[in-house]
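*Asks:* Quick one: this structure, given as C-alpha cells, is what I'll be asking you about.
What follows is calculated from the coordinates using simple rules that are stated; it is not laboratory data. Since the structure is predicted, the reported quantities are computational estimates derived from the model, not experimental observations. Glycine gets a Cβ as well: all are built from the backbone with ideal geometry, and neighbour counts include every protein chain shown.
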Amino acid sequence: MLNLLSHLYIVVSEFGGRKFVDTFRYFHPTRTEAFTCWRTDTRARQTNYGTRLDYIFSNTELVDRSVLTDSDILSQIGGSDHCPVKAVLNCVIISTKKCPSFCTKYWPEFAGRQTKLISYLNFEKNENKNVENESKTRTEERLKNTESIPKGEDGNLSTNLVKKRKSLYDENEAAQKPSVKQRTLTDFFKNTTQIAEDPKPNLKPVNAWKEILTGPKPAPLCNGHKEPSVLRTVKKPGPNMGRDFYVCARPQGLALNPNSSCNFFKWVSNGKKC
C-alpha cells in the first residue's frame with residue numbers, strides 16, 4: 001500500500017511537487033510501532049502487533065499555511081479492531097445564510113427523494129385498504145365454498161354445514177390423540193423384577209452418559225510457556241477445513257516479545273473434533 005501511494009503523498013516538509021501529506025508522519029516522523037489495526041481473534045492488540053491501515057491525508061497548502069496543527073493515532077480507544085485517528089485544523093468557522101453550492105442538498109441523486117412525514121401516514125391508509133381487500137376476498141371464498149355444498153334432506157343448507165364441520169373436528173381429534181397410552185407411575189414399578197432378572201442388561205445408554213459426563217480432555221501444554229493451550233478450528237476452505245487444533249493461549253506478537261505466543265501447534269488426534 002505504501003508503494004502504491006508513495007507517488008501521491010509525502011511524510012516530510014520537502015514536498016517535491018507531490019499533492020498530499022501523511023499528516024501523522026508529518027508531526028511524528030520517528031515514532032515506531034504506530035499501528036491502527038489489530039487482529040481480534042489472536043488478541044494481538046495486547047502486544048501491539050498490528051498494521052497501520054488508517055490515514056489522514058492533507059494537501060500541501062494546509063501545511064504551508066500552518067492550518068494543520070496536529071495529527072495522532074488514538075490507540076487507547078477500544079471497541080473495534082481499528083482505532084480512531086485524528087487531525088487538528090486551526091481554522092475559523094464562518095456562518096452563512098445559504099448552503100454552499102457543493103452541499104449534498106443540491107446533488108441530483110439526493111434532490112426530491114427525502115422521505116417526508118406524510119409518507120408514513122399514507123402508508124397507514126394503504127395498509128388499511130389492504131386489510132379490507134383481504135377480508136373481502138376471504139368472504140367471497142367462503143361464499144363459493146358454501147355454494148358447492150348440497151342442501152340437506154330438509155332443504156336446509158345449515159344441516160350439511162354442521163355435519164361437515166363435525167366430521168372435520170372428529171378427524172382432527174383422532175389425529176391429535178397419541179397412539180401409545182401414557183404410562184402411569186405404577187408402570188415403572190411393575191417392570192423392576194424383570195430388569196433385575198435380565199442376565200444381559202443394556203449398557204449402551206450407561207456408556208453414552210459416561211462419555212458425556214467425563215468432559216473434554218485437558219488441553220496440552222505449550223512448549224514455550226508450559227501453559228494450557230487453546231482449541232481452535234480451521235475455517236479457511238481447504239482439505240483441513242473443520243479440523244481442530246491447539247495453539248498457544250497467549251496473544252500474538254513479535255517473536256522477541258516474551259509475553260507473546262510461542263510457535264506451539266498440535267492437531268487434534270485423527271482429525272476429529274473434541
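*Asks:* Can you tell me how much longer the chain between Leu256 and Leu89 gets when fully stretched, taken as 0.36 nm per residue apart minus their C-alpha distance, in nm with one decimal?
*Replies:* Working: separation 167, 0.36 × 167 = 60.12 nm, distance 3.92 nm.
Between Leu256 and Leu89, full extension yields 56.2 nm more.
*Asks:* For the residue pair Gln76 and Thr51, what label-to-label distance in nm results when each label sits 7 Å from Cα along the Cα-to-beta-carbon direction?
*Replies:* So the two model labels end up 2.8 nm from each other.
*Asks:* Kindly state, to the nearest 0.05, the FRET efficiency for Leu231 paired with Thr40, given R0 = 22 Å and r defined as their beta-carbon distance.
*Replies:* Numbers: r = 18 Å, r/R0 = 0.80.
The formula returns an efficiency of 0.80 here.
*Asks:* Tally Lys and Arg at +1 and Asp and Glu at -1 over the other residues with C-beta under 15 Å from the C-beta of Leu254: what net charge comes out?
*Replies:* Here the charged neighbours net out to +3.
*Asks:* What net charge do the residues around Phe265 carry, taking every other residue with its C-beta under 14 Å from that of Phe265, with Lys and Arg at +1 and Asp and Glu at -1?
*Replies:* +3
*Asks:* May I ask you to derive the FRET efficiency for Arg243 and Cys103 from their Cβ-Cβ distance with R0 = 45 Å, giving the value to the nearest 0.05?
*Replies:* Efficiency, from the Cβ-Cβ distance: 0.25.
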